[in-house]
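Student: Dropping a structure here in structure tokens format, bear with me for questions.
Readers should treat all values here as calculations from the given coordinates under stated rules, not as data from a laboratory. This one's a predicted model, so the numbers in the text were calculated from it and none came from an experiment. Positions of Cβ are generated from backbone atoms using ideal geometry, with glycine treated the same way; all protein chains shown enter the neighbour counts.
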């Protein structure tokens, strides 16, 4: 079983958060484990907010990319495909809600666990729990939508 | 008038998103303009989501740090201090809601504009509009709280 993000098609594997083809990126990797997606991530020293704590933007980023993979895996399973083996379809974020329950200590490995709580054909809602060390530090609720065909090509605006 | 983040006390100027003392960070800078905070940011090539579009985690990060500065500036003004001149007090994020209205093109400068819509002593709610080129691409609603005293020192957990 491979990480879900490693099975995104090459054309959609450049994401700063989770793309295997982004040399500068975070390389978030999520695995499908019986109806749940799990990711682990070790923040770098520069991912600091205040001294001793993880930057909230990183937490939002981890939740975002992990949730997109979760939405894809849950959709695959519903359609009879095998997450972690078959190609992962690309979802994009419609909305992201993060509740920061307590400051996330910078040092311990971060673990994310998530499930699809609503699974439509086009739209999937994913709930994520983020822990660091012994603490539940954040929760996310993410609305994922299947990548619109129009996003498969850059728009003219990108050349500005 | 200086950017609000450049007036955070040295001990709280390490944030990956907006800390002037973080060599690896994004250096988000927000200016106070008559009741509104404005920030401009040019994403790097690696801040890609799908080809041609900006990574949603970056958008969440920009909204987060910009909203904390907005909360601080609005609170300062209410207390009779001058945002952009006096030291900026540090707020932290309690919750972050981002609605991705349309894909954000990668290329044009991003502009964020925000206001405090609820201004309590401890808790401030900030609403943010993010534009790229001619498009309104995202909206954020962020709950900021004045930094708890307990966050002023690293907890023992950070050494793990």
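Student: So what's the gap between the Cα centers of the stretch B:76-148 and the stretch A:63-96, to the nearest angstrom?
Tutor: Each part reduced to its Cα centre gives a spacing of 30 Å.
Student: Another one. If we hang a label 7 Å off Cα along the beta carbon direction at residue B:129, how far is it from the matching labels on the other copies, in nm, shortest first?
Tutor: Label-point distances to the other copies, shortest first: 4.0 nm.
Student: Which ordering of B:110, B:125 is given by a fewest-first count of other beta-carbon atoms within 10 Å? Write down the numbers at each step before the final one.
Tutor: Working: B:110 23, B:125 18.
Neighbour counts put them in this order, fewest first: B:125, B:110.
Student: Then there is this: Using only Cα atoms, tell me the angle between helix B:56-78 and the longest principal axis of chain B; keep it within 0 to 90° and round to the nearest 10.
Tutor: The angle comes out at about 40 degrees.
Student: Follow-up. How far, in whole Å, is the nearest Cβ of chain B from the axis relating it by rotation to chain A, and which residue carries it?
Tutor: That would be B:60, 2.
Student: Ranked by Cβ crowding within 10 angstrom, fewest neighbours first, how are B:99, A:10 ordered?
Tutor: Ordered by Cβ neighbours within 10 Å, fewest first: A:10, B:99.
Student: Right, here's the next one. I need A:96, B:119 ordered by Cβ neighbour count within 10 Å, fewest first.
Tutor: Values: A:96 28, B:119 15.
Ranking A:96, B:119 by Cβ neighbours within 10 Å, fewest first, gives B:119, A:96.
Student: Count, for each residue of B:8-16, the Cβ atoms from other chains sitting within 10 Å of its Cβ, then give me the mean as a whole number.
Tutor: Per residue, the number of nearby Cβ atoms from other chains is 4 on average.
Student: With springs only between Cα atoms under 10 Å, which of B:112, B:21, B:50 fluctuates most in a Gaussian network model of chain B?
Tutor: Its mean-square fluctuation being the largest, the pick is B:50.
Student: Further, regarding this structure: Where the label is 7 Å out from Cα toward Cβ, how close does residue B:11 come to the same position in every other copy, in nm, shortest first?
Tutor: 5.3
Student: For residue B:80, place a label point 7 Å from Cα along the Cα-to-Cβ direction in every copy; what are the distances to the other copies, in nm, shortest first?
Tutor: So the label point of residue B:80 gives 7.4 nm to the other copies.
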